[in-house]
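Colleague: One structure, as structure tokens, below. Some questions next.
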Amino acid sequence: MPEADVMSDLSHSAPAALTGSGKPLSVTRLRKRYRGGVTAVDEVSMEIAAGEFVTFLGSSGSGKTTTLMMIAGFCEPDSGSIVVGGNDVTRLAPQKRGLGFVFQQYLLFPHMTVWENVAFPLQLRDTPKAELRRRVGETLEMAGLSAMARRRPRELSGGQQQRVALCRALVYRPPVILMDEPLGALDKKLRDQLQTEIKRIQQELGLTVIYVTHDQEEALVLSDRIAVMRDGRIDQFDTPRELFERPRTPFVADFLGAANFLPGHIEEHTADHLLVRLDTGGLLKARAQQAASVAKAPVRAAVQPGRLALRPAGEGFCTGTVETVTYVGTLVRVTVRPEGAVATGVVRLELPAGRAPVPGERVGLGAEPADVSVFADPEEGR
Ligand code: ADP
Ligand code: MG
């Protein structure tokens, strides 16, 4: 986005933005196909409540930026509609939509100081001087930039410049704020710090935020709900907890939790559970669910590494030999090679460091039925 556009955006946003309360946003059947044939966004629909923090999570090329750009108004959809606070904005220019933006590439005014950059959106809105000083001061303080208020962008590191861009979008409290990987360029410690700040400010002001990232940990920390995107479509749009506990597709189970997939077939299904006979021979009990209610159907059972427990050898759904034990802070990652009728890959566990087994040890593996998701194999639909 050229700098001139930033100027005009800011000068034309509704003054109502100054009240700072979030607005609901809904997107209906958005589609975008670029010339050259890629369908970047395919029938994306979602309802976002006022004050909600929603993240588009997906790998590179999954259509996150294109979706956000259509909401922002910088990219025209082929079809579908976008409604903000009850108004259809699909055909409105970006600056008329009442949205704030922070993009991957920060765009600061090079001739202005940090203070002036952050004050700029408030000046355009004729904010009274005392309030302007207070708001800019608070915002810079919050981002740890107070000491740099007099510097110009070229005298800052990339990370600091990105924080200034963040401050500039937050300072005027737009009712909906769109952020495309705004912390991508920062080191881990700064990222963590700014994630906390973004979340705090969003909650304090009740802002509606749509955030884009490819980092699942970042999405989990920040979001009320996450839309997991794949090939231009939303696989699942749910709370972090639902995504973990009730992944609707193997992709979601893998992308969020790096799940273990254990091949087998349905041995029994009742109203409240499924029994899966694993290829290795053992029986795994899972909660009742849609995906695989057909007897003898080939399935894959998915369990996250953190939800597996060690049992004595011979107990649980399988027994195997510990291959590797790796300490990662207070956690330990363990791989177990299952014994059984058919060779399958290793099973990965995450355990509290105090309960680590040793390589070569024979152990049983157990899981609570509630933590086991079962998917038809091959995956139906997509
Ligand atoms: P993400 O932000 O998730 O990485 P994008 O929305 O940038 O994904 O891209 C989605 C798909 O659209 C990709 O296949 C990408 O190559 C393609 N794409 C993005 N922008 C353009 C463009 N301007 N012209 C043609 N194809 C594009
Ligand atoms: Mg992108």
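None of the figures in this text is laboratory data; all of them are computed from the coordinates on show. The structure displayed is predicted, hence computed values, not measured ones. All Cβ positions, even for glycine, are placed from backbone atoms using ideal geometry, and neighbour counts span all protein chains on display.
Colleague: For the range 25-245, give the share of DSSP beta bridges that are antiparallel, in percent and rounded to the nearest 5; count only bridges with both residues there.
Modeller: Details: 19 of 37 bridges.
Of those bridges, close to 50 percent are antiparallel.
Colleague: Averaging sequence separations of C-alpha pairs under 8 Å and six or more residues apart, then dividing by the length of the chain, give the relative contact order as a whole percent.
Modeller: Values: 840 pairs, mean separation 59.6, N = 382.
In percent, rounded to a whole number, it is 16.
Colleague: Neighbour counts of other C-beta atoms within 10 Å: give me 168, 135 arranged from fewest to most. Don't jump to the answer; show the numbers that get you there.
Modeller: On the way: 168 27, 135 21.
Least crowded to most crowded, the residues run 135, 168.
Colleague: If you don't mind, there's one more thing I want to ask. Fewest Cβ neighbours within 10 Å first, please rank 113, 324, 270 accordingly. Kindly include the intermediate steps, with their values, before the conclusion.
Modeller: Details: 113 17, 324 12, 270 8.
Placing the least packed residue first, the sequence is 270, 324, 113.
Colleague: Moving to a separate point now. Once every DSSP H run of n ≥ 4 in the chain is given -39500 (n - 2.57) and the sum is divided by its residues, what mean residue ellipticity at 222 nm do you get, rounded to the nearest 500 deg cm²/dmol? Provide the component values of the computation, followed by the final result.
Modeller: Numbers: 9 runs with 96 residues, N = 382.
Helix-only estimate at 222 nm: -7500 deg cm²/dmol.
Colleague: Now for a separate question. If amide hydrogens are placed 1.01 Å from N in the peptide plane, which non-local residues have theirs closer than 5 Å to the one on residue 259?
Modeller: 254
Colleague: Sticking with this structure for a sec: Using per-residue counts of other Cβ atoms within 10 Å, averaged over each peptide, order 27-39, 208-220, 191-203 from highest down.
Modeller: On the way: 27-39: 14.4, 208-220: 21.3, 191-203: 17.1.
Descending mean neighbour count gives 208-220, 191-203, 27-39.
Colleague: Where Rh denotes the Kirkwood radius from the mean inverse Cα pair distance, what is Rg over Rh for the range 258-376?
Modeller: Taking Rh as the inverse mean 1/r over Cα pairs, Rg/Rh reads 0.98.
Colleague: Further question: Please report 235, 279 as a ranked list, fewest other C-beta atoms within 10 angstrom at the top and most at the bottom. Each step should come with its number before you reach the end.
Modeller: Details: 235 22, 279 18.
Fewest-to-most ranking of 235, 279: 279, 235.
Colleague: Convex hull over the alpha-carbon atoms of the range 25-245: what's its volume per residue in Å³?
Modeller: Working: hull volume 28.0 nm³, N = 221.
Enclosed volume per residue, from the Cα hull, is 127 Å³.
Colleague: Next question, about the same structure. I need the peptides 333-345, 363-375 ranked by packing, meaning the mean over residues of other C-beta atoms within 10 angstrom, with the highest value on top.
Modeller: Details: 333-345: 16.3, 363-375: 20.2.
Ranking the peptides 333-345, 363-375 by packing returns 363-375, 333-345.
Colleague: Find, to one decimal place in angstroms, the Kirkwood hydrodynamic radius of the chain, where the mean of 1/r is taken over every pair of different Cα atoms and then inverted.
Modeller: Numbers: mean 1/r = 0.0433 Å⁻¹.
Evaluated on the chain, it is 23.1 Å.
Colleague: Which distance in Å, rounded to a whole number, links the C-alpha centroids of the range 152-171 and the range 303-369?
Modeller: After rounding, the separation between the Cα centres reads 46 Å.
Colleague: Within the chain, count lysine pairs with alpha carbon atoms under 18 angstrom apart where the residues are 8 or more positions apart or belong to different chains. Can you show the working numbers first?
Modeller: Working: 23/96; 23/199; 32/64; 188/199; 189/199; 285/296.
Lysine pairs satisfying the spacing and distance rule in the chain number 6.
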